[in-house]
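First comes the structure, then the notes that go with it.
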Amino acid sequence: MLIKSKTTSNTYALFLISVSFSLFGCEPPPANQPSKFVAKNASANKSLSKNANSKSANANVAENISNSQIESADKSLPDTKFNDAAAQNARLKLNLQWTFGGKTQTGWYIYENLISHLIETEAKAESREFAEALARWQKTAVLAPNGILDETTLIAIVDNWQAHRLKIRGFASSDELTTAPPTDFYNPERLEELRRVERNTYAAYKKMVAAATADKSLNLATDGRGNLASSEQFLKIISPFRSKEYQQKLRRESPNSGRAGLAVNSSPHFTGRALDIYVGGEPAETKDSNRALQVETPVYKWLVKNAGKFGFKPYFYEPWHWEYAPD
Ligand SMILES: [Zn+2]
């Protein structure tokens with residue numbers, strides 16, 4: 001069930017509507033930011049090597065990427081168009097300067113798994129094959145099919161992801177909610193009132209967890225009945241439904257942190273259909289080094305490929321935040 005590109009005016013209008021309510025799932029950059037993102041020219045970036053070397057996950061991304069390697073490897077190929085695109089993508093992946101929610105972003109390496117899933121390729125972003133897959137996607141998105149993941153294409157990709165998120169933002173009524181047991185939670189001591197989930201979302205979550213535990217490559221500790229063992233942290237729920245009162249409490253507790261941007265009047269968590277799920281690292285921390293680590297975990301990569309089968313759509317910026325929005 002791969003997400004196909006839709007850049008019709010209807011979808012775009014929906015996106016424009018939804019973005020003003022749902023730019024951020026849980027941990028946005030500070031408040032008062034405009035609800036749109038604007039890409040800037042990559043040439044201004046001088047901080048690439050510092051960012052790329054700050055954490056091992058980033059260093060992994062950066063290592064072995066050498067333009068001369070890419071160019072020499074591809075010299076024998078007849079068509080140079082996508083070889084050049086591959087070389088550009090190797091650079092843009094790490095240093096494209098763009099803005100999301102008023103905050104400058106560097107590169108798109110954190111989103112490589114999601115991008116590959118969208119454009120239907122297993123190839124690495126530095127490869128000619130990736131550029132060719134991207135060009136096919138660009139055609140469906142009515143973009144110039146040059147295979148280069150520049151600011152225009154990145155914004156079209158982000159638009160596509162955002163357009164597939166929850167469209168509703170209202171509070172779940174109590175009869176729409178069920179209370180999940182403590183064993184489903186990253187913090188098993190979480191209070192009962194903070195363990196509520198919209199019923200269909202919870203059923204879909206349990207099916208997804210059963211499928212993940214059946215996938216032996218993930219090595220998840222289970223109870224033998226499709227549930228995660230108490231010792232397992234991956235895929236446990238960090239935060240499900242939030243009442244308005246609870247959201248206000250979070251906001252009061254962290255008035256000056258990133259959580260200051262917690263939406264008070266609109267959060268996908270109000271619907272009971274948004275789940276923060278443990279995917280590694282610090283559970284819900286937006287700094288790049290943490291997100292770069294999270295997107296490298298087998299569990300996150302599994303979610304990117306499989307969550308859609310269970311109706312869950314990603315919020316690209318927060319690897320832990322998934323919304324139940326079946327097609
Ligand atoms: Zn969330």
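Which of the pairs K139/K167; K207/K301; K244/K309; K103/K236 have their Cα atoms more than 23 Å apart in this structure?
K139/K167; K244/K309; K103/K236
Can you tell me the length gained on complete extension of the stretch N200 to D327, counting 0.36 nm per residue apart and subtracting the Cα distance?
44.3 nm
Based on the alpha-carbon gyration tensor of the stretch 80-163, what equivalent-ellipsoid semi-axes (square roots of 5 times the eigenvalues) come out, in whole Å, largest first?
19, 14, 11
PRE reach from D215 (point 7 Å along Cα→Cβ): which of the stretch 100-125 fall under 20 Å by backbone N?
110-125
Show me, bin by bin at 10 Å from 0, the whole-percent P(r) of the stretch 174-324 based on Cα pairs.
P(r) for the stretch 174-324, in whole percents per bin: 11, 41, 37, 10, 0.
Once the Cβ-Cβ distance between S230 and E129 is put in as r, and R0 is 25 Å, what FRET efficiency do you end up with, to the nearest 0.05?
Between S230 and E129 the formula returns 0.05.
State the extension gain, in nm to one decimal, for the chain segment bounded by K309 and R169, taking 0.36 nm per residue of separation less the distance between their alpha-carbons.
48.1 nm
What FRET efficiency comes out for the pair K207/S266, r = Cβ-Cβ distance, R0 = 30 Å, nearest 0.05?
Efficiency computed from Cβ-Cβ geometry: 0.60.
Please tell me the relative contact order of the stretch 174-324 in percent, rounded to the nearest whole number, where contacts are Cα pairs under 8 Å and at least six residues apart.
Normalised by residue count, the contact order of the stretch 174-324 is 22 percent.
Bear in mind these aren't lab numbers, they're just calculated from the coordinates by the rules spelled out. All of these numbers come straight from a predicted model, not from anything done at the bench. FYI the Cβ positions are ideal-geometry reconstructions off the backbone, even for glycines, and counts take in every protein chain you see.
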